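Participant: Here you go, one structure.
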Amino acid sequence: MSEMTRREALGLSAATLASVTLSDLILGPAEAAALAAGPSAGIGYFSRFGVTEALIKTALGEALSHGGDHADVFFQHRVGNNYLLEDGAVNRAMTNVELGVGVRVVKGDQTGYGFTEDLTLEGIRLAARTAAAIADGPARPGPTRFHAVSDLPSRYPVKTRWEDVRPEQKLPLLNGLNEKALAADPRMRKVVVNFADQASVILVADSSGRIVEDAQPMTSLYLSCVAEQDGRREQNAYNVAGRADIGYYTAERLERMVREAVSRTTILFEAVPAPAGEMPVVLAAGASGILLHEAIGHGMEADFNRKNVSIYSDKIGKPVAAPFVNIVDEGTQAEARGALNVDDEANPVDRTMLVQDGILATYLHDSISAKHYGVKPTGNGRRESYQFAPMPRMRSTYMLPGPHKKEEILASVKSGIYCTNFTNGQVQIGAGDFTFYVKNGYLIEDGKLTRPVKDVNVIGNGPKVLEKIDMVADDLKIDEGGWTCGKNGQGVPVSQGIPTVRVASITVGGAGKRG
Amino acid sequence: MAASRELFDVAQRCIDLARAQGAAEVAARAYKTRDVTVQWRDGKLEQINEATTRGASLQLYVDGRYSAAQSSDLRPDALARFVADAVAMTRSLAPDPHRSLPDPSLYGNRPAADLQIDDPAYAGVSPEKRRAVAQALEAGARGVKGADAILSVTGGVNDTRSETVRVHSNGFRGERVDTQFWSYASVSVKDADGRRPEDGAYAGVRFVGELPEAETVGRLSAERAIARLGAKKAASAQLPMVLENRTAGRLAGFLGQPLSARALQQKQSFLEGKLGQAVGSEKMTVTDDPLLPRGFGSRHFDAEGISARRLPIFEKGVLRNCYVDTYYGKKLGMAPTTGSTSNLAWAKGDKDRDGLIAEVQDGILVTGFIGGNSNATTGDFSLGVQGFRIRGGKLAEAVAEMNIAGNHLELWKRLSAVGNDPYPYSPLRTPTLVFDGVQFAGL
């Protein structure tokens, strides 16, 4: 069923990431040349599926047959492969091929949406007629000619397309991680490795005559370990993901994966119960950016604000945090999982300041909310696939470096916890309450990291926690993990990061005594 | 109604193509689903989504190797290339002696009872009717006492009709047609401190005529949201927890993964070695029931084609069965049961939610979880919660921004009461559950 309440979630889902392809047959050399000619060539890639300007014109004309302010079509071809290693062998693979087109009609803040996997003229017209039902006025004309969106950036350059990478080149990655993880510690019992690669190409064309194609690669690698000590078992994992080709998997990255997965698992044997109650919490640089995603990112998505249901709906221009707090959402970082050359509404993707010098600055917009607020779209209009209408979504969300040092932050805490790794989080947009689940952390006692803790949820309220961020270090790190953000039933890849920060007080959901 | 002939043709074509490429055995599934959502917000239509989606998926057994593949591109040439690629790719993998289609004897004795999951009235649901229901949901919400606090109301309806067929090269052939109808409403309210809490209500049925009145669902959504006003964090404490039936599914759902043969075989289950042992209190009796009429998990055969039957999971707290599929069953030396949950049937108590609350002197009613997680390997869990304090058997102030934590192996032994109110809108069908001595974190 449809999402019922506005609760948004974030999780590490690389293990289930639908991914990629095989096919020299699907993408032959001639077609590859068409793709290499780039998005500025208008319809390049999708011509192989019989997509023409005439077809798109007909679809947009049908979409606007009852009026409406705007219409667009979103074609997508996405081929993904997953390879799984279990019990020492890569003996399972999953391939997923998605091909379809979605047609959208927008009238004010009302949306009609239809999609089809049948890319014939009749199939697309049917989807367009469905979308047109949102409006009830006279027909308006579609575009008479199209202009390709030019000068797209190149934020995920691909040397070797995933379609051209043979399984034999991928399998050693999985076998290598398995061997190294098993050899790293005598307590290792089971290793699982999941490799995913995905080649997605999109085409967006709209009633203003814009047309753009973008080839969007994605890959991820997940390493899970089960260890046993004195009859006890613990499991943990490490994963990496990016919009990249196979060159992403450098020896250094693979070694880090093994080191992190093994140490994060074996340290769990030493963990003591986490305390319960309010206390200072220090968040390690990197994956702790999950705090920003939940505490402010979702609440700043402009659809919630134009509907007046976000806790940030009346706070633009107001101070929300200390002056040294600056929070951005951007899609410009090369190879990042949240990077984009163009959003799913054909709008440019750049950098957006959510909080500048402690002042709430800019919402994250799609074209509907940008029109509502009379501002330029911020390039946050995203969707899971052709089966969904776009909405404002985060890309890569992080906090800029601040004036403090990690050492002084830790030294300042008499009794609290230090959080290093996370699995998932969630937020209630209107109440502002949010959580994140800490997989690994430490007690802080008298300014020093002492015993490890594990499996503890932390719960706070967005605006209250922003006010309580009282120290920010200079060690910003963007996490390399495969985060997927869920909203209204749609999952999209995102990145996040943060320097070491201190939250003066927040509720730690442990089952033990206060530290 | 029977699934369309065309879907069987697609599935059979996949099998023929794969065998022509050298696959030894093949399982093919083809599906077609129509899904319509109409959403209404604050006095006007907000969104219409409507589409019919389709696709095919394959499980391939080639030269002792295995892979799965799925495609939405069913054009004949594309399908042929897709299958050829998938078979070729399977050959690049390591052999796996444990992979096979299910033993055909498990396809036998398939139940034939009408599951009542396909509403013949589906085709008569009109766009006008959907809009009228969506609109009535809002009207119901706006009609409650305290509606002045309402900032926004979203009401919507969603209905789907799915046709799925499954054909295996070793003799299985099955089909399924099912319908679902949902109505939902979500309400945001303005609190004195600037918070905008929200809650909602929803209902889902197999037969459109059984949907509750839209006004009732709308009213409940607003009442729940308004009840969140003034919610505060309470002190950390160990207290009895009454867990509302609608919310209990999330907690019970965490047992699914450790009950799976994969988790057992991969040493990622805190339930390993517990078959025949008590892991919960005597109040915990749960049966997997695929044959429940009109259930959301009802089925004649499972995802491998294995004929459905009732399966006791817990009897008075004792673990009786796990979810064992063909593959991990072979690895473990266990006979397959079924690889996935259908509907859960819980042994009922004799009181409803309010009756159970009346028996608690000092505790917390949990009406919603927020985030958190559960460790399937160790049983540790930590979950954000909201709800209400219970004092002297009565609901008191609303609480929010709190958390519960513990270990499943201890928690389920402290299950002290079960309601008579299985939640009808989920296949997990959890009743209200009462646990003693739960660690709440707050102030």
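The values are calculated or read from the model by the stated rules, or taken from the named source; none is laboratory data. Predicted model, so just to flag it, every value in this text is computed and none were measured. No Cβ is skipped: glycine too gets one built from the backbone with ideal geometry, and neighbour counts run over all protein chains shown.
Participant: I need the full set of residues from region A:428-447 which are in a loop (DSSP other than H, G, I, E, B), facing chain B (nearest Cβ under 8 Å) and over 20 Å from the mean Cα position of the chain (by Cα), in order please.
Facilitator: Of all residues in region A:428-447, those in a loop (DSSP other than H, G, I, E, B) come to A:429-432, A:446-447.
Add one more test, that the residue is facing chain B (nearest Cβ under 8 Å), and what stays is A:429-432.
Within region A:428-447, A:Gly430, A:Ala431, A:Gly432 meet the criteria.
Participant: In the set A:Gly317, A:Gly331, which member is at positive phi and modelled with pLDDT of 95 or more?
Facilitator: So the residue among A:Gly317, A:Gly331 that is at positive phi and modelled with pLDDT of 95 or more is A:Gly317.
Participant: A further question on this structure: How many of the residues in region A:258-306 are outside any helix (DSSP H, G or I) and in contact with a His (Cβ under 8 Å, 6 or more places away or on another chain)?
Facilitator: Step one: of region A:258-306, the residues outside any helix (DSSP H, G or I) are A:271-286, A:301.
Cutting the leftovers down to in contact with a His (Cβ under 8 Å, 6 or more places away or on another chain) gives us none.
Qualifying residue count, region A:258-306: 0.
Participant: With (1) within 14 Å of another protein chain (Cβ to nearest Cβ); (2) more than 28 Å from B:Arg309 (Cα to Cα); (3) touching a residue at least 40 places away in the same chain (Cβ under 8 Å); (4) touching an Asp or Glu at 6+ places or on another chain (Cβ under 7 Å) as the list, and B:Ser183 as the residue in question, which single condition is left unmet?
Facilitator: Tallying (1) within 14 Å of another protein chain (Cβ to nearest Cβ); (2) more than 28 Å from B:Arg309 (Cα to Cα); (3) touching a residue at least 40 places away in the same chain (Cβ under 8 Å); (4) touching an Asp or Glu at 6+ places or on another chain (Cβ under 7 Å), B:Ser183 fails exactly one: (4).
Participant: Can you find even one residue in region B:26-48 that is closer than 30 Å to B:Tyr184 by Cα, over 31 Å from the mean Cα position of the chain (by Cα) and either touching a residue at least 24 places away in the same chain (Cβ under 8 Å) or buried (at least 22 other Cβ atoms within 10 Å of the Cβ) (or both)?
Facilitator: Checking region B:26-48: at least one residue is closer than 30 Å to B:Tyr184 by Cα, over 31 Å from the mean Cα position of the chain (by Cα) and either touching a residue at least 24 places away in the same chain (Cβ under 8 Å) or buried (at least 22 other Cβ atoms within 10 Å of the Cβ) (or both).
Participant: Which of the numbered conditions does A:Thr450 fail, given that it passes all the others? Conditions: (1) away from chain B (no Cβ under 14 Å); (2) within 16 Å of A:Leu292 (Cβ to Cβ).
Facilitator: (2)
Participant: If you check B:Ala139 against the conditions, is it in contact with a strand residue (DSSP E or B) (Cβ under 9 Å, 6 or more places away or on another chain), at pLDDT 95 or above, farther than 30 Å from A:Lys315 by Cβ and part of a helix (DSSP H, G or I)? So that I can check it myself, show each step before the final result.
Facilitator: On the way: in contact with a strand residue (DSSP E or B) (Cβ under 9 Å, 6 or more places away or on another chain): yes; at pLDDT 95 or above: yes; farther than 30 Å from A:Lys315 by Cβ: yes; part of a helix (DSSP H, G or I): yes.
Taking the combined requirement at face value, the residue satisfies it.
Participant: Pull out all pairs, ordered by first then second residue, where Cβ-Cβ is under 6 Å, the residues are six or more apart or on different chains, the first lies in region A:259-279 and is closer than 25 Å to B:Lys233 by Cα and within 9 Å of chain B (Cβ to nearest Cβ), and the second is hydrophobic (A, V, I, L, M, F, W, C) and surrounded by fewer than 21 Cβ atoms within 10 Å (Cβ to Cβ).
Facilitator: A:Glu278/B:Leu443
Participant: Let me ask something additional. Restricting to region A:345-379, and then to whatever is hydrophobic (A, V, I, L, M, F, W, C), assigned to a loop (DSSP other than H, G, I, E, B) and more than 16 Å from the chain's Cα centre (by Cα), can you tell me which residue is surrounded by the fewest Cβ atoms within 10 Å (Cβ to Cβ)? Give the derivation first.
Facilitator: First, pick out the residues of region A:345-379 that are hydrophobic (A, V, I, L, M, F, W, C): A:346, A:349, A:353-355, A:359-361, A:364, A:368, A:370, A:375.
The next check asks that each one be assigned to a loop (DSSP other than H, G, I, E, B); those that pass are A:346, A:349, A:361, A:375.
This time we only want the ones that are more than 16 Å from the chain's Cα centre (by Cα), so: A:346, A:361, A:375.
On the way: A:Ala346: 23, A:Ala361: 18, A:Val375: 13.
Selected residue: A:Val375.
Participant: Shifting gears a bit: Among the residues of region A:318-344, how many are outside any strand (DSSP E or B) and closer than 21 Å to A:Gly379 by Cα? Full working, then the answer.
Facilitator: The initial filter retains those residues of region A:318-344 that are outside any strand (DSSP E or B), namely A:318, A:320-326, A:331-341, A:343-344.
Checking which are closer than 21 Å to A:Gly379 by Cα leaves us with A:326, A:331-341, A:343-344.
Looking only at that region, the number is 14.
Participant: Just one of the numbered conditions (1) closer than 22 Å to A:Asp475 by Cβ; (2) touching a Pro at 6+ places or on another chain (Cβ under 7 Å) is not true of A:Arg264; which one?
Facilitator: If we test A:Arg264 against (1) closer than 22 Å to A:Asp475 by Cβ; (2) touching a Pro at 6+ places or on another chain (Cβ under 7 Å), just (2) comes out false.
One line per residue, one yes/no per condition, for (1) at pLDDT 95 or above; (2) of a type outside the set (Phe, Trp, Tyr); (3) touching a strand residue (DSSP E or B) at 6+ places or on another chain (Cβ under 8 Å):
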{"position": "A:Arg145", "(1), (2), (3)": "no, yes, no"}
{"position": "A:Ala183", "(1), (2), (3)": "yes, yes, no"}
{"position": "A:Ala196", "(1), (2), (3)": "yes, yes, yes"}
{"position": "A:Ala205", "(1), (2), (3)": "yes, yes, yes"}
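Participant: Are any residues in region A:228-256 in a loop (DSSP other than H, G, I, E, B) and more than 14 Å from chain B (Cβ to nearest Cβ), and if so, which ones? Give the steps one after another, and end with the answer.
Facilitator: First, the residues of region A:228-256 that are in a loop (DSSP other than H, G, I, E, B): A:230-231, A:243-245, A:249-250.
Across region A:228-256, the qualifying residues are A:Arg243, A:Ala244, A:Asp245, A:Tyr249, A:Thr250.
Participant: Can you confirm whether B:Ala400 is crowded, with 23+ Cβ neighbours inside 10 Å, within 12 Å of another protein chain (Cβ to nearest Cβ) and farther than 19 Å from A:Asn461 by Cβ? Spell out the reasoning first.
Facilitator: Numbers: crowded, with 23+ Cβ neighbours inside 10 Å: yes; within 12 Å of another protein chain (Cβ to nearest Cβ): yes; farther than 19 Å from A:Asn461 by Cβ: no.
No; evaluated as a whole, the condition is false for this residue.
Participant: If I ask for residues that are within 21 Å of B:Ala30 (Cβ to Cβ) and surrounded by fewer than 22 Cβ atoms within 10 Å (Cβ to Cβ), which ones from region B:86-101 would you list? Break it down stepwise before answering.
Facilitator: First, the residues of region B:86-101 that are within 21 Å of B:Ala30 (Cβ to Cβ): B:86-87, B:89-90, B:101.
Correct list: B:Leu101 only.
Participant: Additional query: Is there a residue in region A:144-151 that is part of a strand (DSSP E or B), touching a Ser or Thr at 6+ places or on another chain (Cβ under 6 Å) and surrounded by fewer than 19 Cβ atoms within 10 Å (Cβ to Cβ)?
Facilitator: The initial filter retains those residues of region A:144-151 that are part of a strand (DSSP E or B), namely A:147-148.
Remaining after also requiring touching a Ser or Thr at 6+ places or on another chain (Cβ under 6 Å): A:148.
Filter once more, so that each one left must be surrounded by fewer than 19 Cβ atoms within 10 Å (Cβ to Cβ): A:148.
Yes, region A:144-151 has at least one match.
Participant: What number of residues within region A:280-315 satisfy the criterion of being away from chain B (no Cβ under 14 Å), surrounded by fewer than 24 Cβ atoms within 10 Å (Cβ to Cβ) and under 26 Å from A:Asn347 (Cα atoms)?
Facilitator: Result for region A:280-315: 0.
Participant: Checking B:Val83 against (1) surrounded by 19 or more Cβ atoms within 10 Å (Cβ to Cβ); (2) within 30 Å of A:Ser385 (Cβ to Cβ); (3) facing chain A (nearest Cβ under 10 Å), only one condition comes out false. Which one?
Facilitator: (3)
Participant: Mind checking whether some residue in region A:456-469 is of a type in the set (Asp, Glu) and touching a strand residue (DSSP E or B) at 6+ places or on another chain (Cβ under 8 Å)? Working first, answer last.
Facilitator: Residues of region A:456-469 of a type in the set (Asp, Glu): A:467.
With the extra rule that they be touching a strand residue (DSSP E or B) at 6+ places or on another chain (Cβ under 8 Å), the set shrinks to none.
No, every residue in region A:456-469 fails to be of a type in the set (Asp, Glu) and touching a strand residue (DSSP E or B) at 6+ places or on another chain (Cβ under 8 Å).
Participant: Give just the number: which of (1) within 13 Å of chain A (Cβ to nearest Cβ); (2) modelled with pLDDT of 95 or more does B:Leu395 not satisfy?
Facilitator: The single condition B:Leu395 does not satisfy is (1).
Participant: Considering region A:112-136 alone, what residues qualify as being more than 7 Å from chain B (Cβ to nearest Cβ), within 23 Å of B:Glu46 (Cα to Cα), without any contact (Cβ under 8 Å) to a residue 24 or more places away in the chain and not in a helix (DSSP H, G or I)?
Facilitator: Those that are more than 7 Å from chain B (Cβ to nearest Cβ), within 23 Å of B:Glu46 (Cα to Cα), without any contact (Cβ under 8 Å) to a residue 24 or more places away in the chain and not in a helix (DSSP H, G or I): none in region A:112-136.
Participant: Now, a different point. Yes or no: A:Gly482 surrounded by 24 or more Cβ atoms within 10 Å (Cβ to Cβ), touching a helix residue (DSSP H, G or I) at 6+ places or on another chain (Cβ under 6 Å) and away from chain B (no Cβ under 11 Å)? Reasoning before the result, please.
Facilitator: Working: surrounded by 24 or more Cβ atoms within 10 Å (Cβ to Cβ): yes; touching a helix residue (DSSP H, G or I) at 6+ places or on another chain (Cβ under 6 Å): yes; away from chain B (no Cβ under 11 Å): yes.
Spelling it out, A:Gly482 is indeed surrounded by 24 or more Cβ atoms within 10 Å (Cβ to Cβ), touching a helix residue (DSSP H, G or I) at 6+ places or on another chain (Cβ under 6 Å) and away from chain B (no Cβ under 11 Å).
Participant: B:Asp63 fails exactly one of the following numbered conditions: (1) charged (D, E, K, R); (2) free of Cβ contacts under 8 Å to residues at least 40 places away in the same chain; (3) more than 7 Å from every other protein chain (Cβ to nearest Cβ). What is the number of that condition?
Facilitator: Going through the list (1) charged (D, E, K, R); (2) free of Cβ contacts under 8 Å to residues at least 40 places away in the same chain; (3) more than 7 Å from every other protein chain (Cβ to nearest Cβ), B:Asp63 breaks only (2).
Participant: Looking at B:Thr430, B:Thr378, which is the one that is among the polar types (S, T, N, Q), within 14 Å of another protein chain (Cβ to nearest Cβ) and either in contact with a helix residue (DSSP H, G or I) (Cβ under 9 Å, 6 or more places away or on another chain) or closer than 24 Å to B:Gly200 by Cβ (or both)? Show your work before the answer.
Facilitator: Working: B:Thr430 fails: within 14 Å of another protein chain (Cβ to nearest Cβ).
B:Thr378 is the lone residue from the list that is among the polar types (S, T, N, Q), within 14 Å of another protein chain (Cβ to nearest Cβ) and either in contact with a helix residue (DSSP H, G or I) (Cβ under 9 Å, 6 or more places away or on another chain) or closer than 24 Å to B:Gly200 by Cβ (or both).
For (1) within 21 Å of the chain's Cα centre (by Cα); (2) in a strand (DSSP E or B), each residue gets a yes or a no:
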site	(1), (2)
A:Asn194	yes, yes
A:Val201	yes, yes
A:Val204	yes, yes
A:Ser208	no, no
A:Ala215	yes, yes
A:Leu221	yes, yes
A:Val226	no, yes
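Participant: Could we say that A:Ile417 is among the aliphatic types (A, V, I, L, M), touching a residue at least 60 places away in the same chain (Cβ under 8 Å) and within 22 Å of A:Ile506 (Cα to Cα) here?
Facilitator: Working: among the aliphatic types (A, V, I, L, M): yes; touching a residue at least 60 places away in the same chain (Cβ under 8 Å): yes; within 22 Å of A:Ile506 (Cα to Cα): yes.
The answer is yes for A:Ile417.
Participant: Go through the residues of region A:481-500 one by one and say whether even a single one is touching a residue at least 12 places away in the same chain (Cβ under 8 Å), more than 21 Å from A:His298 (Cβ to Cβ) and in a strand (DSSP E or B).
Facilitator: Scanning region A:481-500 turns up no residue that is touching a residue at least 12 places away in the same chain (Cβ under 8 Å), more than 21 Å from A:His298 (Cβ to Cβ) and in a strand (DSSP E or B).
Participant: While we're on this one: Could you tell me whether any residue of region B:188-205 is modelled with pLDDT under 95, among the hydrophobic types (A, V, I, L, M, F, W, C) and surrounded by fewer than 20 Cβ atoms within 10 Å (Cβ to Cβ)?
Facilitator: Looking through region B:188-205, at least one residue is modelled with pLDDT under 95, among the hydrophobic types (A, V, I, L, M, F, W, C) and surrounded by fewer than 20 Cβ atoms within 10 Å (Cβ to Cβ).
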